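Heads up: the structure comes next, in C-alpha cells.
The values are calculated or read from the model by the stated rules, or taken from the named source; none is laboratory data. Here the structure is a predicted model, which is why all the values come from computation and not from measurement. In this analysis, Cβ positions are derived from the backbone assuming ideal geometry, glycine residues included, and neighbour counts consider all displayed protein chains. We work out accessible area using only protein heavy atoms, side chains counted, and drop any ligands, DNA or RNA first. Shrake-Rupley method; radii C 1.70, N 1.55, O 1.52, S 1.80 Å.
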Amino acid sequence: MNRSTSRRARTRVAASSTGIVLTVVLAGCGGASGAVGSGTAGTTDTKGKAAADCGQVPTVAPKDPDGAVKALPADVQKAYNAYGEEVFASAWRDKKALGRPAKVGFSYLPASNPYAAAVVKQVEASFADAKAQGLVQGKLVKRIMTDPATMTPAEQIRGYNELVDSGVDIIYVTPLSGEAMVTAVDAAGKKGVVTVALSSTIRSKYAVNVAENAYLNVAEPTALVAKQLDGKGDVVIVRGFQGLSAETIGYQAVKDILAACPDMKAIGEVNGAYVAPVAKSELLKFLSSHPQKIAMVAQLGVMGSGVYAAFESTGRDVPKVVDAGASASSLASWKKLAADGYDSAGTGGNGTQQAKAWFTVGMMVMQGAGPKAGTLTRTPSVITEANLDDYLPTGATPSDLGEVNDGEAWMPRDYLDKFFDDPTAAK
C-alpha cells in the first residue's frame, strides 16, 4: 500500500470503525449470545497464555485492578472474558443526581459512512426524547469534525475542551484516540464534567466507556468457523488499521484460536485497514501469488464485503469468511452462497442500537444511578446460518452500503441496569 492509500485508509477507518473498532471498535459487533461450539471451555495455561480446544474460545481473566468486574453480577462478568484493556472503578459511582436538566455536549467524528450517520441521528433523537422528559436542557452542543482526511486527535481535543469551557455537564464522545484524550478527560472530570465514550476506551476513571469486547468480537466467530472446518485448512488473516488497540486485540484473538488447531495454518496476512475496498485490493495481490485452496479468511472487522468481492472477482472458491462487524453487503454475499451449502459466522450490531445504549448510560449517570465499573461491555451478537435472516436487510445486495438489521437488542435497559448500584434512580 502506498503512502497516499495508507493515509486515506487511516482516516476512513477512524471514521467508520468507531463502532467496531475503535470496537471498534468498530461498528456493529456485539450481543448477548452465549456459547461458542460445544465441549470443554478454554482456560489460561500456567504461563498465562490463552489456551483452549480447537473451535473454542479461551477463558482469560480480565485486567481488573480495582475489582470493578468482580463487583458485577456473574452473568455480566462473562462479557469481560479476555477483555484487552484495564477495567477501572468509576469515579462517578457515588455521584449524586444532578437535580436539574443537564447541558449536553457531543464530540464526534465525521458522519461520512452509514454507521456514523446512524449514530449522529440517534443521539439527536435520544436528546430530543430526554428533553421531553426534562432530563436535558437547551440544544445539543456539538463539536463534530468535518473532514476525515484531515482530522486529528488534537483537533478533537480542542473541540472537547471547548465543550467543557461552554459549561456542559456531560460529554458524549467517540475518541479518535482514547489514549490522547486521557489528560483532557481527567481535567474535565475534576471539574465535575462526566465523559461517556462509545467504542474506543478512554483509560480515565472519569470516563464511562460503552464498548464492545474486541477480543470476543473476533474470537467467537473465528472459533465457530474453525469448528465448521473440523480444525483443518489454510488461513489468511486480513488485518485492520494497525496501531489501534482493537486491531491488536482482534489479531491476538485469531492467533489464539489458530494456536489451538494444529491442522490450521496461517499462510499469510494482508493489511485491509478496516476499509473493504482496500481489503479487496490487497487480498487480490495476495491471491495472485497463492494459488492453493484457502479454507478460511479471518478479517478483523467491517471488511467482509471486500473479502467476498476479491474471491468472486477471481472465480476461485470462496472460503469461509469470518464476518466480524458484518455489513448488509457481506451478509448478502453470504446469503447468496448459502444456496449451495455455504456457511460461516460473524458478528452484528449497528449504530442506532449502540447510540441508544450510549445515551442511556450517560443519563443514568447524571441521575445518580451509580456505575459500578468504568467500562460497560457485552458478549457479541454472533451471526450464524440459524439467525442470518434476522440481520440481513430485506433486498440487500452484495453492493449494498448499509448496516445490518438489529438482530437482537444490543444493550437493552434491563442489561444496563446490572452495571449500576441504583438503576431505579434513573427514568
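Only one of the numbered conditions (1) of a type in the set (A, V, I, L, M); (2) part of a helix (DSSP H, G or I); (3) modelled with pLDDT of 95 or more is violated by Ile249, and that is (3). Among the residues of the stretch 378-401, the ones that are under 17 Å from the mean Cα position of the chain (by Cα) and either open to solvent by 10 Å² or more (accessible area, probe 1.4 Å) or of a type in the set (Gly, Ala, Ser) (or both) come to 3 in all.
If I filter the stretch 127-152 down to residues being assigned to a helix (DSSP H, G or I) and aliphatic (A, V, I, L, M), which single residue comes out as surrounded by the fewest Cβ atoms within 10 Å (Cβ to Cβ)? Once the filter is applied, the top-ranked residue is Ala132.
Kindly indicate whether Val307 is out of contact with any Cys (no Cβ under 7 Å at 6 or more places or on another chain) and surrounded by fewer than 23 Cβ atoms within 10 Å (Cβ to Cβ). The answer is no for Val307. Can you find even one residue in the stretch 230-239 that is crowded, with 19+ Cβ neighbours inside 10 Å and of a type in the set (Gly, Ala, Ser)? Yes: the stretch 230-239 contains one or more residues that are crowded, with 19+ Cβ neighbours inside 10 Å and of a type in the set (Gly, Ala, Ser). Within the stretch 115-126, the set of residues being open to solvent by 40 Å² or more (accessible area, probe 1.4 Å) and under 26 Å from Tyr274 (Cα atoms) comprises Ala117, Lys121. Tell me, yes or no, whether the stretch 201-208 has at least one residue that is open to solvent by less than 20 Å² (accessible area, probe 1.4 Å), assigned to a strand (DSSP E or B) and modelled with pLDDT of 95 or more. Yes, the conditions are met somewhere in the stretch 201-208. Checking Ala279, Ala273, Ala226, Ala219 one by one, the residue that is part of a helix (DSSP H, G or I) and closer than 25 Å to Ile202 by Cα is Ala219 and no other. The condition of being at pLDDT below 95 and open to solvent by less than 10 Å² (accessible area, probe 1.4 Å) holds for only one of Gly362, Gly351, that being Gly351. Suppose we keep only residues that are closer than 19 Å to Ile237 by Cα and among the acidic types (Asp, Glu) within the stretch 307-359. Which one would you say is nearest to the chain's Cα centre (by Cα)? This residue is Asp323. Restricting attention to the stretch 72-114, the residues being closer than 14 Å to Pro371 by Cα and in a loop (DSSP other than H, G, I, E, B) number 13.
Test Glu212 against the stated conditions and say whether it is charged (D, E, K, R), surrounded by 15 or more Cβ atoms within 10 Å (Cβ to Cβ), assigned to a loop (DSSP other than H, G, I, E, B) and under 18 Å from the mean Cα position of the chain (by Cα). Judged against the criteria, Glu212 is a match.
Of the numbered criteria (1) within 23 Å of Thr248 (Cα to Cα); (2) at pLDDT 95 or above; (3) of a type in the set (A, V, I, L, M), the one Ala328 fails is (1). For first residues located in the stretch 144-163 and among the small types (Gly, Ala, Ser), partners that are modelled with pLDDT of 95 or more and open to solvent by 50 Å² or more (accessible area, probe 1.4 Å) and lie 6+ apart or on another chain with Cβ distances below 6 Å form the pairs Gly159/Arg143.
Screening the candidates Lys255, Lys285 for the property of being more than 14 Å from Thr222 (Cα to Cα) and out of contact with any Gly (no Cβ under 8 Å at 6 or more places or on another chain) yields one hit, Lys285. Restricting Ala369, Ala298, Ala357 to residues that are assigned to a loop (DSSP other than H, G, I, E, B) and open to solvent by less than 20 Å² (accessible area, probe 1.4 Å) narrows the list to Ala369. Please go through the stretch 153-179 and pick out each residue that is open to solvent by 10 Å² or more (accessible area, probe 1.4 Å), outside any helix (DSSP H, G or I) and at pLDDT 95 or above. Residues satisfying the conditions are Ser166, Gly167, Asp169. Collect the residues in the stretch 85-143 that are small (Gly, Ala, Ser) and touching a Lys or Arg at 6+ places or on another chain (Cβ under 8 Å), keeping them in residue-number order. Hits for the stretch 85-143 are Ala89, Ser90, Ala91, Gly105, Ser107, Ser112, Ser126, Gly138.
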